[in-house]
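Data block below; observations after.
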Amino acid sequence: MTETPVTVLGLGAMGSALAAAFLKAGHPTTVWNRSPGKDIDLVAAGATRAGSVREAVGAGGLVVAVLLDHASVHETLDPIAGELGGRALVNLTSTAPEDARELARWAAGHGIDYLDGGIMATPGMIGQPGSSILYSGSRAVFDAHRPALELLGAAEYFGDDAGLASLYDFALLAGMYIMFAGFQHGAAMVRSAGGSAEAFGERAGRWLSAIMPSLTAEGRVIDSGDYSRPVQDLRFTKAALDAIVRASRDAGVALDVIGPVKGLVDRQIADGHGAQATERMFEGLV
Ligand code: FVH
């Protein structure tokens, strides 16, 4: 077998999916998990079980960590940092950008070549179209192991600042969570009239898909900093949001989601920007 050996540390839902993808493509794959029992299917499929982290990284090749959080990465790797010196480490554990940068400094201090990653996929999507993983940190690790990384999902490199991948990851997730909260607000309004959330989900999905392409143009306005030629000005948006807030109240729906959005618009208007483009809400966030 000529494929690079890979060690996967952490066999939760995501680590197991990643290890399965490496195995399927013929990479000799060594697996380790803190608690026993999660490697049974992988070992049956050809993975090598490691009894300790030291034994796992001793297998050589690329080391991929997919643990719960930043603290668990240190807890797992600190005792064997010496063994990782001169090796490539890809950390796909979700960590805040500053935590990723701290790990990159820690790795550099031990001579470890460190690449951080943010997974834009659920375990079931790994290796399927639609899965993508954002990387930053060591360009050398990214280039050397790109074929293996592409097995998991489309691989994109953001730069040598190790915090960039998680910055983009969390920026995308922030948008996703706020969009889901917006959907739930709408579903609560619809329920007040006996409508089902499932049917509303189908309708909302179509509506959101139709308007999403406008995000690029919205971003262009924000980047320009010129809000003087509004397609929709803040006064217009305020009238719409005031009506939505009134309708929400009447429907008995809490204002926790829509209230802060209205607050951003109200603040811009109070500052005298009512005739400017609605995109100016952005300025209240930075
Ligand atoms: N699952 C998903 O959809 C998301 C997609 C986007 C990226 N995330 C991140 O991936 C990391 C792992 O997620 P996961 O889904 O595999 O998570 P779990 O199934 O909960 O498994 C967690 C593993 O971490 C091990 N672990 C926890 N604490 C420690 C520790 N102190 N020392 C060593 N290992 C630890 C845990 O081991 P055990 O509980 O089975 O012994 C699991 O292997 C995560 O950052 C997501 O945010 C996934």
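With every protein chain kept in place and ligands, DNA and RNA left out, what is the accessible area per residue of the range 196-284? Probe 1.4 Å, answer in Å².
Per residue, the range 196-284 has 64 Å² of solvent-accessible surface.
Return the distance in nm (one decimal) between the two label points of a simple spin-label model at Met179 and Glu98, each offset 7 Å from Cα along Cα→Cβ.
Output for this residue pair reads 2.9 nm.
Sum -39500 (n - 2.57) across every DSSP H segment of at least 4 residues in the chain, then divide by the residue count to get the 222 nm mean residue ellipticity, nearest 500.
-15500 deg cm²/dmol
Short version: ³J(HN,Hα) in whole Hz for each residue of the range 196-204, in order, from phi by Karplus 6.51 cos²θ - 1.76 cosθ + 1.60 (θ = phi - 60°), x for Gly and Pro, what are they?
Karplus-based 3J(HN,Hα) across the range 196-204 equals 8, 5, 5, 5, 5, x, 4, 5, 5 Hz.
May I ask for the angle, rounded to the nearest 10°, between helix 97-109 and the longest principal axis of the chain, with both axes built from Cα atoms and the value confined to 0 to 90°?
20 degrees
In whole Å, what is the distance between the alpha-carbon centres of the range 220-277 and the range 3-56?
With the range 220-277 and the range 3-56 each reduced to a Cα centre, they are spaced 50 Å.
Could you compute the net charge surrounding Phe282? Neighbours are other residues with a C-beta less than 14 Å from the C-beta of Phe282; K and R count +1, D and E count -1.
-3
Taking the Cβ of Met120 as the center, what net charge do the other residues with Cβ under 13 Å away carry, scoring Lys and Arg +1 and Asp and Glu -1?
Surrounding charge for Met120 is -2.
On the protein heavy atoms, probe 1.4 angstrom, tell me the percent of accessible surface of the chain carried by carbon and sulfur.
58 percent
Among Gln268, Gly219, Gln232, which residue has its Cα positioned farthest towards the positive end of the charge dipole of the range 197-286, with +1 placed on the Cβ of Lys and Arg, -1 on the Cβ of Asp and Glu, and the dipole taken about the Cα centre?
Result: Gln232.
Count the net charge of all other residues whose Cβ sits under 14 Å from the Cβ of Ser214, scoring Lys and Arg as +1 and Asp and Glu as -1. Please report the intermediate quantities before stating the final value.
Values: positive: Arg220; negative: Glu218, Glu279.
In short, -1.
Ordering Tyr114, Tyr177, Tyr157 by how much accessible area each has at a 1.4 Å probe, largest first, what is the list? Don't skip to the end; give the middle numbers.
Values: Tyr114 15, Tyr177 145, Tyr157 45 Å².
From most accessible down to least: Tyr177, Tyr157, Tyr114.
Need one number: nm distance between label points at Arg267 and Arg34, each 7 Å from Cα along Cα→Cβ, rounded to one decimal.
Once both label points are built, they end up 3.8 nm from each other.
Which ³J(HN,Hα) values in Hz, rounded to whole numbers, follow from the phi angles of the range 229-241 under the Karplus curve 6.51 cos²θ - 1.76 cosθ + 1.60, where θ = phi - 60° and Gly and Pro get x?
10, x, 7, 9, 7, 5, 4, 4, 5, 4, 4, 5, 5
Compute the FRET efficiency between Glu3 and Asp143 as 1/(1 + (r/R0)^6), taking r as their Cβ-Cβ distance and R0 = 22 Å, and round to the nearest 0.05.
0.85
Read phi for every residue in the range 144-158 and hand back ³J(HN,Hα) as whole Hz from Karplus 6.51 cos²θ - 1.76 cosθ + 1.60, θ = phi - 60°, with x for Gly and Pro.
Result, ordered by residue: 5, 10, 4, x, 5, 5, 5, 5, 8, x, 4, 9, 10, 9, 9 Hz.
Please calculate how many Å² of accessible area the range 68-181 carries per residue, with a 1.4 Å probe and no DNA, RNA or ligand atoms counted.
Per residue, the range 68-181 has an accessible area of 45 Å².
Amide H to amide H under 5 Å from Gly127: which residues, 5+ apart in sequence or cross-chain, H placed 1.01 Å off N in plane?
Gly153
The values are calculated or read from the model by the stated rules, or taken from the named source; none is laboratory data. What you see is a predicted model; the values in this text were computed from it and never measured. With ideal geometry, Cβ positions are generated from the backbone for all residues, glycine too; neighbour counts draw on all protein chains shown. To get the accessible areas, we keep the full protein, side chains included, count just its heavy atoms, and leave off ligands, DNA and RNA. Shrake-Rupley method; radii C 1.70, N 1.55, O 1.52, S 1.80 Å.
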